[in-house]
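Worksheet: the structure to be examined is printed underneath.
The values are calculated or read from the model by the stated rules, or taken from the named source; none is laboratory data. Computed from a predicted structure; not experimentally measured. No Cβ is skipped: glycine too gets one built from the backbone with ideal geometry, and neighbour counts run over all protein chains shown.
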Amino acid sequence: MPISFFKTQALQTGDWVAQTIFRSSGTTGSTTSQHLVRDVAFYERNARRGFEEAYGALSEYTTLALLPAYLERKDSSLVYMADYFIRQSADPQSGFFLNNYDDLAAVLRQYAAENKPTLLLGVSFALWDMAERYQLGFEELIVMETGGMKGRRKELTRSELHAILAPAFRQKHIHSEYGMTELLSQAYSQGEGLFRPAPTMRVFTRDITDPLTLQKDGRTGVINIIDLANLDTISFIATDDLGRRYADGSFEVLGRLDAADVRGCNLLTLDG
């Protein structure tokens, strides 16, 4: 099903009342996507499982969320997920940071001295702002970018962005999260932009000119997603993202179709 249906239809399987509705960001006057969520506890369990499959127990991390463009909205799935991750942390300093970069830098300096496992989850433009102001980082820090520039900065390829962030945060690799309003599962990259999907998620690519033909592994196509966590809405989604899928199930996100709407969840410039 085309992902655009989330903009025009209230999608659900069966008769139930949504506990919450996730909505996408968008430019003024644009139509945004909405995803009805039947059971938020199920969403939380699935998000936790996906993260912990890749990184281990959430309780072991201090979680710092730098999501200014998203935090200003109350219906963002990313903010909901980050808030849940923060609540799972045993560290009372876990939390959100809006535009208070100095406060965030102070926390990072403290944990650099302690070399404490820390997850810094940030929207791309805010991490770039941090990279221009500070030089800080440590071995146990995971810097994870998500989201695009939201019109705040020049659009970059993922590799260009990571080339800016890595030295500033003293990291060998910058991590990435791939998620969107229309999905209840996430995929994570631990470096080089190569994503591995959660256990409930599988990714394929379709031919750019023939949407009914699947693309061969390793060749660029448009991303199709099976998300079994969407059991109460729709699990089979044809996105507008360009990418490559590999034989082991991992995938890259390279950009977007020219005719696709600008969305907040991906870098918009074609990479490679």
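Residues checked against (1) more than 13 Å from the chain's Cα centre (by Cα); (2) of a type in the set (A, V, I, L, M, F, W, C); (3) under 29 Å from Leu36 (Cβ atoms):
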| position | (1), (2), (3) |
| --- | --- |
| Leu78 | no, yes, yes |
| Asn99 | yes, no, no |
| Ala105 | yes, yes, no |
| Glu114 | yes, no, no |
| Pro117 | yes, no, no |
| Glu139 | yes, no, no |
| Ala166 | yes, yes, no |
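Evaluate region 59-68: report whether one residue or more is touching a residue at least 12 places away in the same chain (Cβ under 8 Å), of a type in the set (Phe, Trp, Tyr), buried (at least 21 other Cβ atoms within 10 Å of the Cβ) and not in a loop (DSSP other than H, G, I, E, B). Even if it seems obvious, please write down each step before you answer.
Just the residues of region 59-68 that are touching a residue at least 12 places away in the same chain (Cβ under 8 Å), to begin with: 59-68.
Remaining after also requiring of a type in the set (Phe, Trp, Tyr): 61.
Pick out the ones that are also buried (at least 21 other Cβ atoms within 10 Å of the Cβ) and you get 61.
Filter once more, keeping what is not in a loop (DSSP other than H, G, I, E, B): none.
Looking through region 59-68, none of the residues is touching a residue at least 12 places away in the same chain (Cβ under 8 Å), of a type in the set (Phe, Trp, Tyr), buried (at least 21 other Cβ atoms within 10 Å of the Cβ) and not in a loop (DSSP other than H, G, I, E, B).
Determine the pairs where a residue that is more than 25 Å from Gln12 (Cα to Cα), located within region 205-230, has a partner that is exposed (fewer than 15 other Cβ atoms within 10 Å of the Cβ) and among the small types (Gly, Ala, Ser) with Cβ atoms under 8 Å apart, the partner being 6 or more residues away or on another chain.
Asp217/Ala247; Gly218/Ala247
Here are some residues: Leu136, Leu98. Which one is under 17 Å from Ile164 (Cα atoms), among the aliphatic types (A, V, I, L, M) and at pLDDT below 95?
On the way: Leu98 fails: under 17 Å from Ile164 (Cα atoms).
Of Leu136, Leu98, the one residue that is under 17 Å from Ile164 (Cα atoms), among the aliphatic types (A, V, I, L, M) and at pLDDT below 95 is Leu136.
Hey, can you tell me all the residues within region 206-238 that are assigned to a strand (DSSP E or B), within 19 Å of the chain's Cα centre (by Cα) and crowded, with 18+ Cβ neighbours inside 10 Å?
Val222, Ile223, Asn224, Ile225, Asp227, Ile237
For Asp39, only one of the following conditions fails: (1) more than 18 Å from the chain's Cα centre (by Cα); (2) within 23 Å of Arg196 (Cβ to Cβ); (3) of a type in the set (Asp, Glu). What is its number?
So Asp39 meets the others, but not (2).
Looking only at region 239-261, how many residues end up being acidic (Asp, Glu) and outside any strand (DSSP E or B)? Spell out how you get there, then give the answer.
Residues of region 239-261 that are acidic (Asp, Glu), as a first pass: 240-241, 248, 252, 258, 261.
After this cut, where a residue has to be outside any strand (DSSP E or B) as well, the list is 248, 258, 261.
Count: 3.
Pick from region 87-125 the residues that are hydroxyl-bearing (Ser, Thr, Tyr) and not in a loop (DSSP other than H, G, I, E, B): which of them is farthest from Gly151 (Cα to Cα)? Even if it seems obvious, please write down each step before you answer.
Step one: filter region 87-125 for residues hydroxyl-bearing (Ser, Thr, Tyr), giving 89, 94, 101, 111, 118, 124.
Retained after the next criterion (residues that are not in a loop (DSSP other than H, G, I, E, B)): 101, 111, 118, 124.
On the way: Tyr101: 19, Tyr111: 32, Thr118: 28, Ser124: 11 Å.
Looking at the filtered set, the residue picked out is Tyr111.
Here is a check on your reading of the model: is Ala54 surrounded by 13 or more Cβ atoms within 10 Å (Cβ to Cβ), assigned to a loop (DSSP other than H, G, I, E, B) and at pLDDT 95 or above? Quick ask: steps written out before the conclusion?
Working: surrounded by 13 or more Cβ atoms within 10 Å (Cβ to Cβ): yes; assigned to a loop (DSSP other than H, G, I, E, B): no; at pLDDT 95 or above: yes.
Considered against the rule, which asks whether it is surrounded by 13 or more Cβ atoms within 10 Å (Cβ to Cβ), assigned to a loop (DSSP other than H, G, I, E, B) and at pLDDT 95 or above, Ala54 comes out as no.
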